[in-house]
Amino acid sequence: MQKIFKLITLPIVFAVLTQIGFAQNTGPKKPMSKRDAERRAMHLRDSVFKSFNRSDTSISSLLQRVEHYTTIYNQINNTLGEGLDTADISAQLPPVIRRIDKITLLGNTHKSSTLRYLFVLRDNLDHLQNSLDGWQSDMSAISTKLVLNQNDLLKFNKDSLLKIVPADSAVRATFFVQLKAVKRLWHRVDSANRKALLKVNLLQDKISVSYTKILDESDHIDGKIKSFALKALSGESTYIWDIDTQYNNFTPALNSTIKLNQILFSYFIKNELPTHIIAVLFFVVIFSWLLYSRSKVIHNNEDPKAIFVEAKYIYRHPIISSLVVVTAITPYFYDHPPAVFLETLFLVSIALTLILLRSNFPKTAYRFLVLLLGLSIAYCISNLFIELSNVDRYIIFGLSIVSAVAGYRFYKKVNKVPDDYLPNTSLVTKVFVGMQLLSILLNISGRFSLAKIISITAIFNLWLLVILYLVIKVIIEGFYLHFQVKKGGNSFLNWLDYTLVEKKFKTTLTVIAALLWLFFLMQNLSIDDWAVDYINDFLWQKQAIAGSEFTFGGFVVFIFVIWVSSIVSKVISYFYDVSAQRVTDLSVEKKKNRTSALLIRMGVFSAGFLLAVAASGFPLDKLTIIISAFGVGIGFGLQNIVNNLVSGLILAFEKPITIGDIIEVDGVSGTMREIGIRSSKIATGDGAEVIIPNGDLISHHVINWTLSNTNRQVALIINTAYGVDINKVQSLLKDQLGNRSDIMTSPAPSVFVNNVSANAVEFKAFFWAADITKVSELKSRILADIFAEFKKQGIEMPSPQKDFYLHFPDKNAVVKIDKKKDS
């Protein structure tokens, strides 16, 4: 009877609650989403169950829990159905394992390998290690996701709330149906997740084993490299005239070299496709830029040949010039490319360099470079050998002798006329000859590997100096042509000073070229990886002083960011200075805009300082201590500096003085050229630049003639002869001042009698000039016009009157002088 009562009253309660809700919400109401409506209905059902079911108060919670598990397991099932991102790894892992085994075999069998061969093996291991690092990260993420899925699946069996059986038969039947469905879903998802987890774990184990093999083999090869280096210093064999029979293996060494380099080259070409595309795009960009500048100069200038005198490489060989830049820079795009690829690009770059220098280089130097090209080809072939051989040793010995003799003969010719050659040619040639002589001595004493490294380094780095010099010349020529193209009045290039840009840009390119040359030198000496590891350890190894940890790398990053900030602020200041020089309209708004450069510079520098602190990893709590110490230093010895800094900020915000204002301070008058952080510059009329501390501009009396406008009152003093008609002169002066377009009409000019003396009548005229910068010129014109008008009207100018008194001695007659008689 109780169950029947519940079933009858349940619909009635639902209807009553619906009517109550409708009556209480008769006003306009925002439509609910389906999710909110479903949640509200669920809460409503739960309240009904709680009201009419004294024992089953958690029915709604059970249904919600079942629904929650259903949603989670459906999501897991959908994710597993899409498949795991392990197909590519599974396909690529077997070839990697085979390569690791092959490298291990080669590392253990080639007892007489060269240092180049050992580095080739280690470079391959490094590439494989990088791939496995990425795979390990990917597999770890997938495994973590699957473990989380398994944890969610385990919660289902441990959930004691699902073991409660509802007392109501109708509700119990519905609950059991949903629970059975979610159990079937759980079994299916749990099985799929366990299989995926097992598959991922097996794949992770294979990757871990391969990674361990790579680490072991890398340590093994590093040990062989160290022992080889010690052996190279002590000597691999006897003197050169004592033939070592263990190295009579030239033919097998040649065949092994060809086979290995073919494999490395083909593998590199296939696996570095994105970098190849970047290199091609780089060539397209360089060639398009040079060709555009060249064609624009030809079509837009009346005498392009006069311009191309300074851009002879681009004018005669635009394609080859582009290729020289690309082949010289492209090798640095790759991470440990094989030697056969580097030497191929290197020889191409040398050939292109010789084409460009054929008609633009001294004949003696050009013949020396042609000889070096033949030597370089032989050196490149020898550098690829993976085994030691007596034939290779004798070839290097002969090449070193030829290089040393040719370098010495060229050095003698350079010393005779050093001005005909590039700067430092004599020094570079001397170093080249010295390294070749050192290689000869080492080869004779049995240290063939060391002799080979030094000899190859000498000739390769000599070529790189020539190539980088040409690269800088081509890029500078490209900028020169770009500046010579006729631009419109608002073109960006019109705001740049080519001389300054060339100087700064050439300096930057020279620094970059020096770094590239140094890196290439370390590559040839086979110490680049060691240098990188050593520098990295030195920079980022934590140091401790008084309980505070820091790294030298943090200091380097801090200084670098500060340097970049200063460069950006200087660039901003440069453009504002150019703007000040080009803009002739001294309107107030333009002057204020130019003065805002100080705020921008200080803002950039402040932001750079904060970024530098953040990037360096310096603890901010220690920064407050430094600032406090800095404040103590300010209180004792930096008062004037801080006063000037604060005064600079006041000038920037209040703007009592702006760039372009004509001011007078402490007896110095001139035009304000720059408002800096600590001091400002005033350009005087005689061409001098006066540097005034910002504190003086705030604390001293400053006259600003152009604060609100550029108008200025001008006073003229005009003297006339005694006895002139004063009214007539005043009228003439007013007419002269009132009928001029270069004098302001408001306020109107005025003329007054300033003084009357026995010799002259002095008039004072006042008028206003619109532009203070043209006052002197305006006064000159007005005075010339007044003088001409006075002469025309017969108004005399004052002349000084002098009385002479002659006293003769007594009894002397006065001699009468006849003016008409010649003396």
- Qualifying residue in the stretch 271-283 (condition: open to solvent by 50 Å² or more (accessible area, probe 1.4 Å) and of a type in the set (D, E, K, R)): no
- Item | Residue match in the stretch 218-236 (condition: among the acidic types (D, E), more than 23 Å from C380 (Cα to Cα) and assigned to a helix (DSSP H, G or I)) | yes
- Could you grab me the full set of residues in the stretch 417-430 that are among the β-branched types (V, I, T), at pLDDT below 90 and assigned to a helix (DSSP H, G or I)? T425, V428
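Condition check ((1) free of Cβ contacts under 8 Å to residues at least 24 places away in the same chain; (2) in contact with an Asp or Glu (Cβ under 8 Å, 6 or more places away or on another chain)) across all residues:
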position	(1), (2)
L375	no, no
L388	no, yes
F397	no, no
G407	no, no
Y411	yes, no
P423	yes, no
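Quick one: how many residues across the stretch 660-683 are outside any loop (DSSP other than H, G, I, E, B) and either of a type outside the set (A, V, I, L, M, F, W, C) or without any contact (Cβ under 8 Å) to a residue 12 or more places away in the chain (or both)?
Taking the stretch 660-683 as the starting set, the residues that turn out to be outside any loop (DSSP other than H, G, I, E, B) are 662-665, 668-675, 679-683.
Those left that are additionally either of a type outside the set (A, V, I, L, M, F, W, C) or without any contact (Cβ under 8 Å) to a residue 12 or more places away in the chain (or both): 664, 669-671, 673-674, 679-681.
Of the residues in the stretch 660-683, 9 are outside any loop (DSSP other than H, G, I, E, B) and either of a type outside the set (A, V, I, L, M, F, W, C) or without any contact (Cβ under 8 Å) to a residue 12 or more places away in the chain (or both).
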- Item | Subset of the stretch 130-166 that is buried (at least 16 other Cβ atoms within 10 Å of the Cβ) and under 25 Å from A339 (Cα atoms) - its residue that is nearest to the chain's Cα centre (by Cα) | S131
- Message: Show the residue pairs meeting these rules: Cβ distance below 9 Å; 6+ apart or different chains; first residue within the stretch 720-741 and closer than 14 Å to L783 by Cα and free of Cβ contacts under 8 Å to residues at least 60 places away in the same chain; second residue open to solvent by 20 Å² or more (accessible area, probe 1.4 Å) and assigned to a helix (DSSP H, G or I).
- Response: L733/E789; D735/E789; Q736/D785; Q736/E789; R740/R781; R740/D785
- If you go through the stretch 167-190, how many residues are of a type in the set (D, E, K, R) and either at pLDDT below 80 or open to solvent by less than 70 Å² (accessible area, probe 1.4 Å) (or both)? 3
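Does at least one position in the stretch 432-449 carry a residue that is without any contact (Cβ under 8 Å) to a residue 12 or more places away in the chain, out of contact with any strand residue (DSSP E or B) (no Cβ under 9 Å at 6 or more places or on another chain) and closer than 28 Å to T510 by Cβ? Lay out the reasoning, then the answer.
Keep residues of the stretch 432-449 that are without any contact (Cβ under 8 Å) to a residue 12 or more places away in the chain, which gives 434, 441.
Then keep just the ones that are out of contact with any strand residue (DSSP E or B) (no Cβ under 9 Å at 6 or more places or on another chain); that gives 434, 441.
When the remaining residues are screened for being closer than 28 Å to T510 by Cβ, the result is 434.
Yes, the stretch 432-449 contains at least one residue that is without any contact (Cβ under 8 Å) to a residue 12 or more places away in the chain, out of contact with any strand residue (DSSP E or B) (no Cβ under 9 Å at 6 or more places or on another chain) and closer than 28 Å to T510 by Cβ.
I want to confirm something. Restricting to the stretch 237-255 and keeping residues that are outside any helix (DSSP H, G or I) and polar (S, T, N, Q), which single residue is most open to solvent (accessible area, probe 1.4 Å)? Even if it seems obvious, please write down each step before you answer.
Filtering the stretch 237-255 down to residues outside any helix (DSSP H, G or I) leaves 237-244, 248-249.
Next, only the ones that are polar (S, T, N, Q) stay: 237-238, 248-249.
On the way: S237: 26, T238: 69, N248: 98, N249: 27 Å².
Among them, the one singled out is N248.
Within the bounds of the stretch 337-349, is there any residue that is under 36 Å from the mean Cα position of the chain (by Cα), under 28 Å from L121 (Cβ atoms) and assigned to a loop (DSSP other than H, G, I, E, B)? Spell out how you get there, then give the answer.
Restricting attention to the stretch 337-349, the residues satisfying the condition of being under 36 Å from the mean Cα position of the chain (by Cα) are 337-349.
After this cut, where a residue has to be under 28 Å from L121 (Cβ atoms) as well, the list is 337-349.
Subsequent filtering for residues that are assigned to a loop (DSSP other than H, G, I, E, B) retains 337-338.
Yes.
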- Query: Do you know which residues across the stretch 191-205 are of a type outside the set (S, T, Y), open to solvent by 20 Å² or more (accessible area, probe 1.4 Å) and over 42 Å from the mean Cα position of the chain (by Cα)?
  - Reply: A192, R194, K195, L197, L198, K199, N201, L202, D205
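The values are calculated or read from the model by the stated rules, or taken from the named source; none is laboratory data. Since the model is a prediction, treat every value here as computed from it, not as a measurement. Note that each Cβ is placed from the backbone with ideal geometry, even for glycine, and that neighbours are counted across all protein chains shown. Keep in mind that these areas ignore ligands, DNA and RNA; they rest on the heavy atoms of the full protein, side chains included. Shrake-Rupley method; radii C 1.70, N 1.55, O 1.52, S 1.80 Å.
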